[in-house]
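All remarks here apply to the structure that follows.
Just so you know, all these numbers are worked out from the coordinates, no wet-lab data involved. Being a predicted model, the structure only gives us computed values, none of them experimental. Cβ atoms come from the backbone with ideal geometry, glycine included; neighbour counts cover every protein chain shown.
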Amino acid sequence: MMTGNVERELMWSALAWPATEHLVLHADDDGVRADGMIVALDGRPTRLAYTIEAGADWTVRRLTLASYGEPGLVLERRDDGRWFHGDGAERAYLAGCVDVDIALTPFTNTLPIRRLGLEVGESADLRIVYVQVDNGLTADAVDQRYLRLGSETYRYSSGDFTADLTVDGDGLVTDYPHLWRRLV
């Protein structure tokens, strides 16, 4: 897994619709910063920029999203676990969430994979901030599960959806069956 100062530049291509993502990831002893840009045609043209800031333990502190031509979304997680919108209003319904999952990116699966450090055969049930982008940027709390199947394979479940994700040694998705494949 990723240690020390790391700078990675990655790209994914969607398999089920026209889309690509470019991500610049920086991780060091002070924390993690992920800057992503997704361009997709998922019903309508979408250009989504996001930044995720996390602690060195991969615990999300701040999420900033901007979809071209629409109001942005900023969420901050305080040390006590409470979430606040960029306007300062608390989002009590997100209490207990640590990770975020943005609907149009495979990168956000890396957050719990890295944070949890599961051994093969171990699993974790999580409450996660799930951000949908298809009708404005909305955030809800959802239940998800991660089960480590092998050294580079995780079973991800949310509701009725399940996928076996292949990751590299840094926990970054290389294959998300039928949805995403990493290019770089």
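Some values worked out for this structure:
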read-out: Cα-based Rg of the chain normalised by 2.2 N^0.38 Å, two decimals; value: 0.97
read-out: Debye log10 I(q)/I(0) for the stretch 7-64, one point scatterer per Cα, at q = 0.14, 0.15 Å⁻¹; value: -0.44, -0.50
read-out: Relative contact order (%) - criterion: Cα under 8 Å, at least six apart; region: the chain; value: 17
read-out: Label-point separation, V120 to R82 (7 Å along Cα→Cβ), nm; value: 4.4
read-out: Efficiency of FRET from Cβ geometry, R155 and E70, R₀ 41 Å, rounded to 0.05; value: 0.75
read-out: Counted charge near D143, where neighbours are those whose Cβ lies closer than 9 Å (Asp, Glu -1; Lys, Arg +1); value: +1
